[in-house]
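The values are calculated or read from the model by the stated rules, or taken from the named source; none is laboratory data. The structure presented is a predicted model; accordingly, all values stated were derived computationally and were not measured. All Cβ positions, even for glycine, are placed from backbone atoms using ideal geometry, and neighbour counts span all protein chains on display.
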Amino acid sequence: MAVTLLRVLVLGVIAAAADDVPITWWSSPRASLACAVPEAEQVVARRPPPPLDADDRPRPKPYQWWKGGDELKRVLSNGTLEVSRKKDGSSEGVYQCAVRHHAGLVLGYPVHLKFATLDKQFSVHPENATARRGQPFVLNCRINSGPAAVISWQRNGKPLPENSRYYSLKNQLLITDVTREDAGLYRCKATNTHANRTRVSHEGRLVVEENSSELEAGFLPVQQDEALAVPKGGTLVLPCPVTGVPRPRLIWKFTQPGQRTSELEHVDEVLTLRWADLDQEGVYECAVEGNSDLAKTFNVTITEPVIITVPPTSKQTFRASTVRFNCTAVGRPPPTITWYKDGQKLGLTGRIVVLPSADGKRMELLIRSVTSEDEGIYQCFAQSGSSVVSSWASLEVGGAGAAAPRGVRCGPAGATAVNVRWPKLNADVFAYTVQITMPDGNSLPGQPVIGVEDEIEVAEALTPYRFQVRAYIKSSTKNIASDMSESVTCQGQGVPIKLMHVGDDVMVIWKQFADQNPGVLQWILQYKAENNTEEHNVTLDGSVYNYTIEVPTPEPLQVRVLGTKKLPWLQQNLTLVPWFSTSGASHELDGKVTVVPEDVEVVDVGPRHFTVRWRCDEVANLREIYTYMVCTRKVNGNEECVESYSNSIRVENLSPSSEYVVRVQVRVPDRGAVGEFSKAIQISTEPEGSQRFKDLTYKLINATTIRVSWNSVPDKYTVHYSNELKLPINQWPCVETNGNTVLITGVDLSSVLYVMITGYEPVGHSSILNIPVQMPEAKELSYEFSRAGVEVRWRGAGARVLRYSQNLTTPLERWTSINVTTNSFLLTDLDPSQPTYVMVAVAGPSPRSQVLTVPPRPPDQSSFYLTLGIAIGVLLLCVLAAAAVCIWRRRKRTRSPVRSRRRHLSSNDGNEEEGAEMKNIGNRLANGGGSKDAGEPLLNGHVHITENPNQTKTPNGRMRKGRRYEPTFDVARYEDPDATLETVLDPDTSASTTFNLLDTSRRPEYDVSRSSRDISANNSFNKLPDDNMNSELTRSTDFQLDNSKILPTLQPNG
């Protein structure tokens, strides 16, 4: 079924004119067209599942192509279409593809395929010609090519050099100023890159001669369209070559849309527009100075490609809801937007319409009362010229569903009433609604109905409407809305009529209804006896509004009138259309009219017209029967009568300064009965003069154009106008017209303009019409808060009136009014907590302006931000100060002296200076000693040992751990805790006593042969060094030390 439906679809994009689709030129005889769809990354082509009753039918393909309305077969698996070139050209045309999405069908961009061609011969070759020196000249060259071939020119077998005098136009070479160097043999070369072909024309000889005689000024014929479109940023050449001896001077003028004409400084014969922008759009005119008849115009339009600024977005919704899809596009010219659903052009009627958004900036696709059938892909195409852009979105209708009501019927119940009824659903329905689709396509839901029928009042009588019914069913979780029923069409029927006895007959009248509802094509009057079902029909033309029925018996009749505005008639059930009984007929007519119009008066008297009014209360409610005849007779002339269906009429085409006699009578047209005339009154028309030009008004068209109109008989008039009132009237510019309105162009509206009308037969003139200075409406109103108040700005200079108020309900005349001459103003003394409403308009009786709403002034938080800034600054200063202190302390610590440690003395160092000196191994010194010296004694005679002489490395490169002396160091044995334990070297001249460093990290090595008394006599061996690694040796009188038995070593642990 889906395949069948797609085959019958006529895609709107394909049906568009081929000129609106960009041409795709193909060079090879076999074209491969890729299916390019918008937002292709979101489309995953998939083959739909086969229907349940598919049998052996093939499944639809994921890609499909059409040409016109025919589906094509040669589609590859990737969606590419293969097209072979045919000699008859039938393979060229517009192709359209579509891709299946899981939500529906997405259309691709249309492709206008053409195969590139280039004729073998030129249709126009350069011809031998003679050109005058100093004059412009053109050489012609043409060849049929698709696309248009690139034409290059050669002179004497060489490419034409670059020169500002040469312009290559469409199939022409323009030389703006011929010189002797331009003589030679010319030929053109056509190149078609798509067809990969080149053609060279025959040669034509150009001879240059001197200007020997005068030449009348005239334009040189060049091939250039007057209406030109150039893309923004492009280049456009406007040639206007003019010949003549002496050489005429050109004047270029430019007129922007809605602006005044300005003269350009350019005087050359070719005007080149480079990097075209929007301000260059308009009408360009080149004219010969001193000869206004020699002028040429170019209408230049700047184009911009279409861009979709607000694309549609996919939505999920429930039945009976409302959905909006946006598709707003911009471009030049403004693009047109077309909507499609699943590849089919969307009919914008009924529930689906396109309306502007609330802010008026977007166009929205509105879907009311959503049903399950609304699911699918909604795609918009925005097109401007050959620029086409598309975007799409999907709609998914979710939630629990219910079957739509079936068997909906409708029938007329009156001229503007329709009865809709339906069978009750087998469900817990708590309400029904009737969807009404009006003739204009708009659709609205009706009020909820509890029962199974509803009588609906429609706005237009005798006009078809469509009706659908939806049910709302109760559910335990959420109420369910069913889908819409099938639509039924009905229209109101049964015309209101009046019945009146005319002798033994009955006249049926419906004139009032006919006047209120024009456009009826046909009437049918039906009547029958009250006790009989047989109906008699009388068909009448739409212009008839009464009919007389012969009543053969005194038995009353039943009468009704039907009407239609479309043929053939809509078949409906007329059971509910009311009948009217002739027993209620009234006002019997006997063929005589006894009423006479009263209070006849003539008003609005002019030179050629007046209005007649009267009163006739007896027939005021019987206008369907009675008419009035108004007769006017010029004194000593013939009487002319005009029929009127109301109690007033305007009589035209009278003579000025003439006397007329007016009278009125009542008559019955169908019966030929007439009444007596009213009392005649006499009136004189006004003379032709100042009243001849009544209601002299003007209308501003643009900045340099106005339209002047007056109320008078169309005739020959002369309209004089000037900005200087003191000039004689014969020096005013003038325009002649044969009507009562004229368009005056090229006027200066920056000052007061004076206008006067002169008429003929008889000659007369109007009063002078003063047209004040026309100021454009202030646009782009904006505001900005300042310390002093609110500054309001707008675009447009000139004197204006600024009005403002902080209460919108205040009448406009009570708003504060200020006259300003600049385009900005500062409002002060305002209540900052209240909004302000501002209008900027031109001074005048009925100024127009938009209202600018300035919201309440936001609270001033400058003091808060100032305090916060100061606090942050102080905090940053504190952090910087703390960082500076930390850096200073770190640098001070690194600058403190480092005490070096002495490494172990090797055996090669010997035992030099054992008693008083220490060697420094390496680069680190103790007590300022040199590289070969040990630490020198301090001033107090002490020596600091800053290196561990026993510190060595193991074979693997790690430092060797020293051995510790087991007994714990006890500082309590010293009386002075602040005393530094150092090695004291007292000066002693005794050569028998020598000292050496003592290794206190282990027990001393001594000769066991010595007595214990000798050893205990000096307890220095039991002392450990202080924290500076100094050791104190205390001598006694009987102390004897063999230094050769003690090795002066220190371990790394001190």
**Request:** Taking VAL842 as meeting all but one of (1) at pLDDT 85 or above; (2) under 30 Å from LEU700 (Cα atoms), write down the number of the exception.
**Result:** (1)
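Would you mind listing the strands (runs of 3 or more DSSP E) fully within segment 255-301 where at least 1 residues are modelled with pLDDT of 90 or more, closer than 15 Å to PRO239 by Cβ and assigned by TED's automatic domain parsing to the domain that holds GLY218? First the steps, then the outcome.
Details: elements: 261-263, 270-273, 282-288.
By residue number, 270-273, 282-288.
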**Item:** Selection from segment 817-828 of residues that are out of contact with any strand residue (DSSP E or B) (no Cβ under 7 Å at 6 or more places or on another chain) and either at pLDDT below 85 or farther than 16 Å from GLU791 by Cβ (or both)
**Value:** THR821, THR822
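Okay, residues lined up against (1) assigned to a strand (DSSP E or B); (2) closer than 20 Å to ASN211 by Cβ; (3) in the same structural domain as ASP268 (by TED's automatic domain parsing); (4) within 48 Å of the chain's Cα centre (by Cα):
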| residue | (1), (2), (3), (4) |
| --- | --- |
| ALA131 | yes, yes, no, no |
| GLN135 | no, yes, no, no |
| LEU139 | yes, yes, no, yes |
| ILE151 | yes, no, no, yes |
| GLU162 | no, no, no, yes |
| LEU174 | yes, yes, no, yes |
| GLU181 | no, yes, no, no |
| LEU185 | yes, no, no, no |
| CYS188 | yes, no, no, yes |
**Asked** For residues in segment 176-216 being among the basic types (Lys, Arg) and crowded, with 16+ Cβ neighbours inside 10 Å, which is nearest to GLU127 (Cα to Cα)?
**Response** ARG187
**Complete:** With criteria (1) part of a loop (DSSP other than H, G, I, E, B); (2) of a type in the set (A, V, I, L, M, F, W, C); (3) at pLDDT 85 or above, VAL551 comes up short on (3)
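Name the residues in segment 110-123 that are among the hydroxyl-bearing types (Ser, Thr, Tyr) and either part of a loop (DSSP other than H, G, I, E, B) or under 33 Å from the mean Cα position of the chain (by Cα) (or both), would you? Can you show your working first?
Within segment 110-123, the subset among the hydroxyl-bearing types (Ser, Thr, Tyr) is 117, 123.
Selection gives SER123 alone.
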**Message:** Taking the condition of being under 19 Å from GLU460 (Cβ atoms) and either in a strand (DSSP E or B) or touching a Ser or Thr at 6+ places or on another chain (Cβ under 9 Å) (or both), how many residues in segment 498-516 meet it?
**Reply:** 1
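A quick yes/no check of all residues on (1) touching a helix residue (DSSP H, G or I) at 6+ places or on another chain (Cβ under 9 Å); (2) within 24 Å of GLY258 (Cβ to Cβ); (3) modelled with pLDDT of 85 or more; (4) of a type in the set (D, E, K, R):
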{"site": "PRO687", "(1), (2), (3), (4)": "no, no, no, no"}
{"site": "ILE701", "(1), (2), (3), (4)": "no, yes, no, no"}
{"site": "THR704", "(1), (2), (3), (4)": "no, yes, no, no"}
{"site": "SER712", "(1), (2), (3), (4)": "yes, no, no, no"}
{"site": "TYR717", "(1), (2), (3), (4)": "yes, no, yes, no"}
{"site": "ASN723", "(1), (2), (3), (4)": "no, yes, yes, no"}
{"site": "ASN730", "(1), (2), (3), (4)": "no, no, no, no"}
{"site": "VAL742", "(1), (2), (3), (4)": "no, yes, yes, no"}
{"site": "LEU753", "(1), (2), (3), (4)": "no, yes, yes, no"}
**Request:** Identify all residues within segment 437-463 that are over 18 Å from SER321 (Cα atoms), part of a strand (DSSP E or B) and touching a Lys or Arg at 6+ places or on another chain (Cβ under 7 Å); write none if there are none.
**Result:** GLU453
**Number of positions in segment 81-112 that are touching a helix residue (DSSP H, G or I) at 6+ places or on another chain (Cβ under 6 Å) and among the aliphatic types (A, V, I, L, M)** = 1
**Message:** Which condition from (1) within 22 Å of ASN479 (Cβ to Cβ); (2) outside any loop (DSSP other than H, G, I, E, B) is the one that PRO412 breaks?
**Reply:** (1)
**Item:** Filtered residues of segment 485-506 (kept if within 15 Å of SER581 (Cβ to Cβ) and touching a Lys or Arg at 6+ places or on another chain (Cβ under 9 Å))
**Value:** GLY494, ILE497, LYS498
**Asked** When you go through LEU725, LEU700, LEU749 one by one, which is the residue that is in contact (Cβ under 8 Å) with a residue 24 or more places away in the chain and part of a strand (DSSP E or B)?
**Response** LEU700
**Message:** Can you find a residue that is assigned by TED's automatic domain parsing to the domain that holds TYR783, modelled with pLDDT of 85 or more, over 16 Å from SER786 (Cβ atoms) and polar (S, T, N, Q) anywhere in segment 831-838?
**Reply:** yes
**Request:** Among what's in segment 462-478 and is without any contact (Cβ under 8 Å) to a residue 60 or more places away in the chain and surrounded by 15 or more Cβ atoms within 10 Å (Cβ to Cβ), pick the residue that is farthest from VAL668 (Cα to Cα).
**Result:** PHE467
**Message:** Just checking, does segment 502-513 include any residue being modelled with pLDDT of 90 or more, touching a Phe, Trp or Tyr at 6+ places or on another chain (Cβ under 7 Å) and surrounded by 21 or more Cβ atoms within 10 Å (Cβ to Cβ)?
**Reply:** no
**Request:** Please tell me if THR243 is in a strand (DSSP E or B), not acidic (Asp, Glu) and not assigned by TED's automatic domain parsing to the domain that holds ALA129.
**Result:** yes
**Fill in**
Per the filter on segment 193-234, residues touching a Leu at 6+ places or on another chain (Cβ under 8 Å) and among the small types (Gly, Ala, Ser) are ALA195, GLY204, ALA217, GLY218
